[in-house]
Amino acid sequence: MLTPALEAEVMTRIIAPTVKAMADEGTPYSGVLFAGLMLTDEGPKLIEYNARFGDPETQVMLARLESDLGELLLACAENRLGSVEPPRFSANTALTVVMAAKGYPGTPDKGGLIEGVDAAEATGAQVFHAGTALDAGGALVANGGRVLNVTGRGPSVTAAQGAAYAGVDAIAAPSLFCRRDIGWREVAREAE
């Protein structure tokens, strides 16, 4: 959904004015600044800024990162980010499906058994633990709202979606649920 024209609009109307305002106010910033956006009939709108890596949002970006993340973070910490090569990303697409505990976003059910994470990763998906724990017997269980994030990669959104859901389907966790429509708009466009 992020076309080059839309990206340019976001940079011009939202990101650049934010960076300019911080510079004008003498408030230097070094670190991650994640812009949470919503597309509306009037164009993109800023919902919030986060000064941290958001789970699903970051997982799709880092799944495509070909540069050394450690080098980029160190350069940022040492205030020399402008002197290193810009990050390189794979042309492949990544898509993340959140597996949440029943009851989420309210009070999530905790303690539900999770099996098959290794089987999910054997499909090629990457599984991130967001709200898991080991119970007294050493079994993996749900311990939060957003429990697992399953990321698939591929040359198209359709392929990445298929890879992510293949990973999801390899996980046995009756106390978890996920949306089955992640990426549907772009999958429909690719089918045209």
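Values quoted throughout were computed directly from the atomic coordinates according to the rules given, and no laboratory measurement underlies them. Fair warning: this is a prediction, and the values are worked out from it, not measured in the lab. We place every Cβ from the backbone using ideal geometry, glycine too, and count neighbours over all the protein chains shown.
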For a protection proxy built on the mean count of beta-carbon atoms within 10 angstrom, sort 146-156, 119-129 highest first, please. 146-156, 119-129
If you average the sequence gap of Cα pairs under 8 Å that are 6 or more apart and divide by the length of the chain, what percent do you get for the contact order? 19 percent
Divide by every residue of the chain the summed helix terms, -39500 (n - 2.57) for each DSSP H run of at least 4, and state the resulting mean residue ellipticity at 222 nm, rounded to the nearest 500 deg cm²/dmol. -9000 deg cm²/dmol
Within the set Glu71, Glu85, Glu25, GNM on the chain using Cα springs under 10 Å gives the largest fluctuation to Glu25
Taking the Cα centre as origin and putting +1 on Lys and Arg beta-carbons and -1 on Asp and Glu beta-carbons, what dipole magnitude results for region 83-137, to the nearest 20 debye? 200 debye
DSSP loop chymotrypsin sites (Phe, Trp or Tyr not before Pro) in region 1-89 with at most 14 other Cβ atoms within 10 Å of their Cβ, which ones? Tyr29, Phe53
Subtract the Cα-Cα distance of Glu78 and Ala188 from 0.36 nm times their separation in residues, and report this length gain in nm to one decimal. 35.2 nm
How far is it, in nm, from the label point at Asp169 to the one at Glu115 when both lie 7 Å from their Cα along the line to the Cβ? 2.0 nm
Using a ≥ b ≥ c from the Cα gyration tensor of region 1-52 (square roots of the eigenvalues), is it rounded, prolate or oblate, where a/c under 1.5 gives rounded and otherwise the larger of a/b and b/c decides, a/b for prolate? prolate
Take the alpha-carbon centre of region 94-158, take the same for region 53-79, and report the distance between them in whole Å. 22 Å
Among all the aspartates and glutamates, which ones have a C-alpha under 12 Å from Lys110's C-alpha, if same-chain residues fewer than 8 places away are not counted? Asp135
Give a quick list of trypsin sites (Lys or Arg not before Pro) in region 9-55 that DSSP marks as loop, anything other than H, G, I, E or B, with at most 10 other Cβ atoms within 10 Å. Arg52
Cα-only radius of gyration and Dmax that characterise the chain, units Å: 18.9, 56
Under a GNM of the chain (C-alpha, springs under 10 Å), which listed residue has the highest mean-square fluctuation: Ile14, Ile171, Ile114? Ile14
Report the full-extension gain for the segment Met38 to Asp24: residue separation times 0.36 nm, less the Cα-Cα distance, to one decimal in nm. 2.4 nm
What nm distance separates the two modelled labels at Leu62 and Glu9, each placed 7 Å from Cα along Cα→Cβ? 3.1 nm
Using label points projected 7 Å from each Cα along Cα→Cβ, tell me how many nm separate Arg180 and Ala122, to one decimal. 2.4 nm
Evaluate the Debye formula for region 107-181 with equal point scatterers sitting on the alpha carbons, no solvent, and hand back log10 of I(q)/I(0) at q = 0.12, 0.14, 0.28 Å⁻¹, in q order, two decimals. -0.32, -0.42, -1.31
Net charge near Ala94, counting Lys/Arg +1 and Asp/Glu -1 over other residues with Cβ under 10 Å of its Cβ? +2
